[in-house]
Amino acid sequence: MWPLRTLKDILRGLVWAEAAVGQDRPVDYPLFFSELMGAVAATHYVLPPQSHQSEILVASVTQVRGLSFAAVAVMGLSEGAFPATIGEDPFLRDADRAVLQEQFAFPLSPSTQSAEREFFYEAITRVRDKLLLTRPVLADNGAEWVASPYWEATRRLMSINPYTCQ
């Protein structure tokens with residue numbers, strides 16, 4: 001039912017767009033199909049949950065704010081992935097920002113300041129029963145991939161030894 005309603009909305013949008021542009025000429029099938037496929041690619045729909053089925057939601061940390069889950073898996077806890085690498089703004093360096101803030105009271109924060117710490121906290125506090133933290137140990141080139149500081153802090157606080165896949 002939902003995908004059909006979405007398709008009807010897409011077709012209705014194409015008709016409205018044509019009426020808005022004022023084209024009364026016939027459209028050949030290849031052009032119609034091309035426009036339809038473009039509209040479908042730009043649209044998304046969400047199937048309603050079935051009460052008798054278990055579901056897995058794949059989402060970013062910001063998409064699940066305020067939601068609670070029986071189990072949560074946080075993936076990619078390696079340096080450069082989570083937390084993401086943030087480079088300094090090349091046009092206004094952090095040292096210059098600090099001077100402008102100190103001398104002229106400009107409300108500037110460091111360009112390398114990140115919300116990743118808050119994102120990690122939110123991710124691990126969404127869980128009610130089970131939490132799985134994962135990280136890659138090898139980069140694409142075969143070199144060892146340094147663990148995220150969140151991974152290391154969690155290991156220290158929880159006194160756990162991670163399971164390593166061979």
Among the residues of segment 100-111, which ones are of a type outside the set (D, E, K, R) and loosely packed, with under 13 Cβ neighbours inside 10 Å? 103, 104, 105, 106, 107, 109
Residue among 146, 127 that is farther than 30 Å from residue 99 by Cβ, surrounded by 11 or more Cβ atoms within 10 Å (Cβ to Cβ), touching a residue at least 40 places away in the same chain (Cβ under 8 Å) and over 20 Å from the mean Cα position of the chain (by Cα): 146
Within the set of pairs 6+ apart or on separate chains, which have a first residue in segment 57-72 that is assigned to a loop (DSSP other than H, G, I, E, B), a second that is of a type in the set (Phe, Trp, Tyr), and C-beta atoms under 8 Å apart? 57/69
Extreme residue, nearest to residue 146 (Cα to Cα), among residues of segment 79-99 that are surrounded by 10 or more Cβ atoms within 10 Å (Cβ to Cβ) and among the β-branched types (Val, Ile, Thr): 86
Does residue 136 qualify as being in contact with a helix residue (DSSP H, G or I) (Cβ under 8 Å, 6 or more places away or on another chain), surrounded by 11 or more Cβ atoms within 10 Å (Cβ to Cβ) and more than 22 Å from residue 54 (Cβ to Cβ)? no
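Taken together, the values in this text are just the output of simple stated rules run on the coordinates, not laboratory data. Given the structure is predicted, the values throughout are model-derived calculations rather than measurements. With ideal geometry, Cβ positions are generated from the backbone for all residues, glycine too; neighbour counts draw on all protein chains shown.
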